[in-house]
Amino acid sequence: MSEDAREAVGDYKAGWHDPENATIRFDYGLSEQVVRDISALKNEPEWMTEIRVKAFHHFMERPMPTWGNMHMLEEIDFDKVCYYLRSSNATEKNWEDVPEDIRNTFERLGIPEAEQKWLSGVTAQYESEAVYHSIREDLEEQGVIFLDMDSGLREYEGIVKEYFCSVVPFSDNKFSALNTAVWSGGSFIYVPSGVHVEMPVQAYFRINAKNMGQFERTLIIADEGSSIHYVEGCTAPTYSTDSLHSAVVELIAMPGAHIRYSTVQNWSANVYNLVTKRGVAHENATIEWIDGNIGSKLTMKYPAVILKGEGSHAEVISVAYSGKGQHQDAGAKIHHLASNTTSKILSKSISKNGGRGSYRGMVTVSPKAENCKVNVVCDALLLDEASRSDTYPTMEVGNSGARCEHEASVSKVSDDQLFYLMSRGHSEEEALALIVNGFFEPFTRELPMEYAVELNQLMSLEMEGSIG
Amino acid sequence: MSSPYLEHANTDKAAHIWRYTPWKRAHPTGTINEVPQSESPEISISLVDGTSVPDGITIEPATESDIERLGHELDFDHGTAAPKFIAAVAKKTMILKIENKIKVETPLIVTITTSGDICASRLLIDIGSQVEAEIITLIEGNANWTGILREGQYGSNSIINDVVTQITGNRLVRCDALSLCRDAQVKAGTVNASSSQAKIDIRHWLNEPGSSLKVNGSILSSNENHLDSHIEITHSGRQTHSRLEWHSACGGKSNTTGTGMLRIDAGAKGADAGQLFHNLLLSEKAKANSIPELEVLESEVVGCGHGTANGPIDEQQLFYLSTRGLDEEQARAALIAAFLNTPLSDMGSNLLHGWLVERIEKHLNLI
């Protein structure tokens, strides 16, 4: 690890990298030919190639966003990104069959162990492709489909064709266009009517190579009355040059379905994390985004829910930690299109060592949506003088029966709380870590236990050296 | 004369300030590169009770040095087009001066009477130190488009209630850029009852220690009114305090927007700031938007927060009033009046409040 990189990421514990053993690696830079080559390599149907090419042209024509951290965005050099890299020739169903170096990586990250203990299924993506994939047999027997997205397209082309780009069109924004043009990997999930997947399924995304772009695409369809909890985790090695992660996630919750999508993003501090996540909730369906942003250089992520069906509900709970050189620009978007829909957004951020945390949100209530209820709460903690916190909420209310509330506050750690904990024998550093963990508690209690413990440890690690 | 404006004529649509009322729409002709001819409004000062204005309070044409001192130091950031435009089209710049240590117990009225198609005025405000006064700026007249730019400062240790009201009128673009000197205590009120289209951009800078600001808005939109208010408060001095309370009652097919920016600069230790937007939606076709933004660059703050609430008239309150003998219409009117009265009653003395209530009351019937 270079000195620059070490300086940039501090004690980031997933920052090692393995030697690159690519079986296929594209040259840096993006062109229509690169897009066509990715599609040809995957033997995709023509309609998908056409969508990719259209998206590529849209990406090239569309200017960079003129809001957010434009300074950091302008630093992205799209010609210095590798858009496709394959390190394994197949997606395996047994860990033993995964190439040893990649398997070692995931073992160090604890994925196989977690699968045995508490998961219904796992997909592990390394660079551009899924290298391992499995699902519990009993779920498979009930008709649950859990595949990597490429296999999903091959085996269930009809379903993919119907829903792909239906929630996030490629023209939605510059980065959704980029993802649609060069997507590779990600998860495809279909849960049949009435099936409840009791234990979470997990996807783990790892970038290993330098200047790598990871563009996974995830599509989850929960049919009527079904439920699923999907968990994703992300890490990358520490390099002094930047990598790009630009995913698109589309969720479709049919009437009465329940989808919970949990993310703990712990990319190294050289990764741009520019992600579009959106779900559509039909009648009485629920979509929940539980979103933790700990790592990355710049995150721009605003999980969205379109409440299309009457009685549907959306919930977004997000936390963000911004350390040195980091900008977590996260938030949520909820569109109330139908009557009797409800939504709740809870956003918590901590900024330290010059980090910047921003909440950027939007809630709209359409004129025809009667009796909607919205509650948005944003809390921010600033731990030192060099840090910054912003809140940019937007509310557009077009129906007189809607009840919408938003509140936000920015504060520092209370001296009283610190004093109380120190009077009980904790050092100042421990007391601060406890307060921070308590601040994030509404988020961690929604995570599976193993993730919550991991997150608490991670935050305690981040708090080391905060005092003095 | 027009060149400083033309440099800023093209606005960024991504900036929230132009999101709901693009500059093209607020510009009098819609051609943003045009700087049309305008009329100057009549401006006069008087006291609410009709007595003569005390010595030490004057309104007169501003000198170049006044403009240099009070007019150009403040930055409108993304909203520069509108104030630069008004400065470019206004033929005259006037200055309202209140000398140091003047204390006026009766509210002072600055009447701006507009006429013609396009009418613009630039008004500098120069309040001396230790002044205690209540100022009502009343915008009236029949111009199709009115542009008012108010710039200046409230002197150190001054206690000022400064209310701007447009109760009848057509299209309005109003920009305020005012700074508070050390330990100044200011209540800045806005009352708007029936502009067909209003783009209001109010900015205050708390640059010096100990200053305190309360911004109140009481907005009544009806018919097809389009009222867009942007309120920006910047704390850069230490131990500064600000509160914003903006109430909009939205009826008819109106579209009401409130955007706020509360900025705490690095070094503004001990800042205490909060902003609240309330929208009362009174009809099916009314629309309300709010974006209360917060940018905090200082950790040693007492507290910074904001909130927004949109909702209909509370049915329990309606029910309560109906049990007291009011019919539904009376109960609604009482609740709307109470809603608008909350910030109104905090704008100044009883005398000022009574004067404002008298003028706004008849407009309640419109919704």
Across the range B:280-290, what is the number of residues that are among the polar types (S, T, N, Q) and more than 7 Å from every other protein chain (Cβ to nearest Cβ)?
0
Selection from the range A:402-431 of residues that are in contact with a strand residue (DSSP E or B) (Cβ under 8 Å, 6 or more places away or on another chain), modelled with pLDDT of 90 or more and more than 7 Å from chain B (Cβ to nearest Cβ)
none
Please give the number of the condition A:H327 fails out of (1) at positive phi; (2) in contact with a Lys or Arg (Cβ under 9 Å, 6 or more places away or on another chain).
(1)
Which one of B:E293, B:E300 is buried (at least 17 other Cβ atoms within 10 Å of the Cβ), under 26 Å from B:K214 (Cβ atoms) and within 9 Å of another protein chain (Cβ to nearest Cβ)?
B:E293
For A:N399, work out the one condition from (1) closer than 30 Å to B:R243 by Cβ; (2) more than 8 Å from chain B (Cβ to nearest Cβ); (3) at pLDDT 90 or above it doesn't fulfil.
(2)
Tell me which residues, restricted to the range B:97-120, are in a strand (DSSP E or B) and closer than 13 Å to B:S40 by Cβ.
B:I112, B:T113, B:T114, B:I118, B:C119, B:A120
Would you mind listing the strands (runs of 3 or more DSSP E) fully within the range A:260-349 where at least 3 residues are over 24 Å from A:D223 (Cβ atoms) and out of contact with any Ser or Thr (no Cβ under 6 Å at 6 or more places or on another chain)?
A:298-301, A:313-322, A:327-336
Does at least one position in the range A:340-351 carry a residue that is closer than 27 Å to A:T444 by Cβ, facing chain B (nearest Cβ under 10 Å), without any contact (Cβ under 8 Å) to a residue 60 or more places away in the chain and surrounded by 18 or more Cβ atoms within 10 Å (Cβ to Cβ)?
yes
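Based on this model, can you work out whether B:G30 counts as out of contact with any strand residue (DSSP E or B) (no Cβ under 9 Å at 6 or more places or on another chain) and either at pLDDT 90 or above or aliphatic (A, V, I, L, M) (or both)?
On the way: out of contact with any strand residue (DSSP E or B) (no Cβ under 9 Å at 6 or more places or on another chain): yes; either at pLDDT 90 or above or aliphatic (A, V, I, L, M) (or both): yes.
Yes.
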Residue pairs meeting the criteria (Cβ under 6 Å; at least 6 apart or on separate chains; first touching a residue at least 24 places away in the same chain (Cβ under 8 Å), in the range B:11-24; second among the hydrophobic types (A, V, I, L, M, F, W, C) and part of a helix (DSSP H, G or I))
B:T11/B:W18; B:T11/B:W23; B:T11/B:A81; B:W23/B:A81
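Out of curiosity, is A:Q265 surrounded by 23 or more Cβ atoms within 10 Å (Cβ to Cβ), in contact with a Gly (Cβ under 7 Å, 6 or more places away or on another chain) and outside the structural domain of A:S166 (by TED's automatic domain parsing)? Reasoning before the result, please.
Values: surrounded by 23 or more Cβ atoms within 10 Å (Cβ to Cβ): yes; in contact with a Gly (Cβ under 7 Å, 6 or more places away or on another chain): yes; outside the structural domain of A:S166 (by TED's automatic domain parsing): no.
Spelling it out, it is not the case that A:Q265 is surrounded by 23 or more Cβ atoms within 10 Å (Cβ to Cβ), in contact with a Gly (Cβ under 7 Å, 6 or more places away or on another chain) and outside the structural domain of A:S166 (by TED's automatic domain parsing).
Just to be sure before I move on: is A:R52 in contact (Cβ under 8 Å) with a residue 24 or more places away in the chain, of a type in the set (D, E, K, R) and in the same structural domain as A:L244 (by TED's automatic domain parsing) in the structure I sent? Step through it out loud before you land on a result.
Details: in contact (Cβ under 8 Å) with a residue 24 or more places away in the chain: yes; of a type in the set (D, E, K, R): yes; in the same structural domain as A:L244 (by TED's automatic domain parsing): yes.
The answer is yes for A:R52.
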Suppose the filter is within 14 Å of another protein chain (Cβ to nearest Cβ) and basic (K, R); does B:R324 pass it?
no
Filtered residues of the range B:137-154 (kept if surrounded by 23 or more Cβ atoms within 10 Å (Cβ to Cβ) and not in a strand (DSSP E or B))
B:A143
Report whether or not B:I32 is assigned to a loop (DSSP other than H, G, I, E, B) and either within 14 Å of another protein chain (Cβ to nearest Cβ) or closer than 17 Å to B:G147 by Cα (or both).
yes
Consider the range A:188-202. How many of its residues are among the aliphatic types (A, V, I, L, M) and part of a strand (DSSP E or B)?
3
State whether one or more residues within the range A:210-221 are surrounded by fewer than 24 Cβ atoms within 10 Å (Cβ to Cβ) and in a loop (DSSP other than H, G, I, E, B).
yes
Quick one: A:S389 ticks every box in (1) surrounded by fewer than 24 Cβ atoms within 10 Å (Cβ to Cβ); (2) of a type in the set (S, T, Y); (3) within 24 Å of A:T263 (Cα to Cα) bar one, so which box is it?
(1)
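If you go through the range B:53-84, how many residues are small (G, A, S) and modelled with pLDDT under 90? Outline the logic, then answer.
To start, the set of residues in the range B:53-84 that are small (G, A, S) comprises B:56, B:62, B:65, B:71, B:79, B:81-82.
Then drop every residue that is not modelled with pLDDT under 90, which leaves B:71, B:79, B:81.
Result for the range B:53-84: 3.
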Taking the condition of being surrounded by 24 or more Cβ atoms within 10 Å (Cβ to Cβ) and over 30 Å from A:F26 (Cβ atoms), how many residues in the range A:174-200 meet it?
1
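Could you tell me whether any residue of the range A:165-179 is assigned to a helix (DSSP H, G or I) and modelled with pLDDT under 70?
Let us first name the residues in the range A:165-179 that are assigned to a helix (DSSP H, G or I), namely A:170-172, A:174-179.
Within this subset, residues satisfying the condition of being modelled with pLDDT under 70 are none.
No - not one qualifying residue is present in the range A:165-179.
Mind counting the residues in the range A:204-235 that are hydrophobic (A, V, I, L, M, F, W, C) and within 17 Å of A:N293 (Cβ to Cβ)?
Qualifying residue count for the region: 4.
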Only one of (1) under 23 Å from A:G361 (Cβ atoms); (2) without any contact (Cβ under 8 Å) to a residue 12 or more places away in the chain is not met by B:E284, so which one is it?
(1)
Answer yes or no as to whether B:S129 is touching a Gly at 6+ places or on another chain (Cβ under 7 Å) and among the polar types (S, T, N, Q).
yes
Filter result for B:A337 (among the small types (G, A, S), under 20 Å from the mean Cα position of the chain (by Cα), farther than 25 Å from B:H16 by Cβ and more than 7 Å from chain A (Cβ to nearest Cβ))
yes
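The values are calculated or read from the model by the stated rules, or taken from the named source; none is laboratory data. A quick note: this is a predicted structure, and the numbers were derived from the prediction, not measured. Every residue, glycine among them, receives a Cβ derived from its backbone with ideal geometry; neighbour counts consider all protein chains shown.
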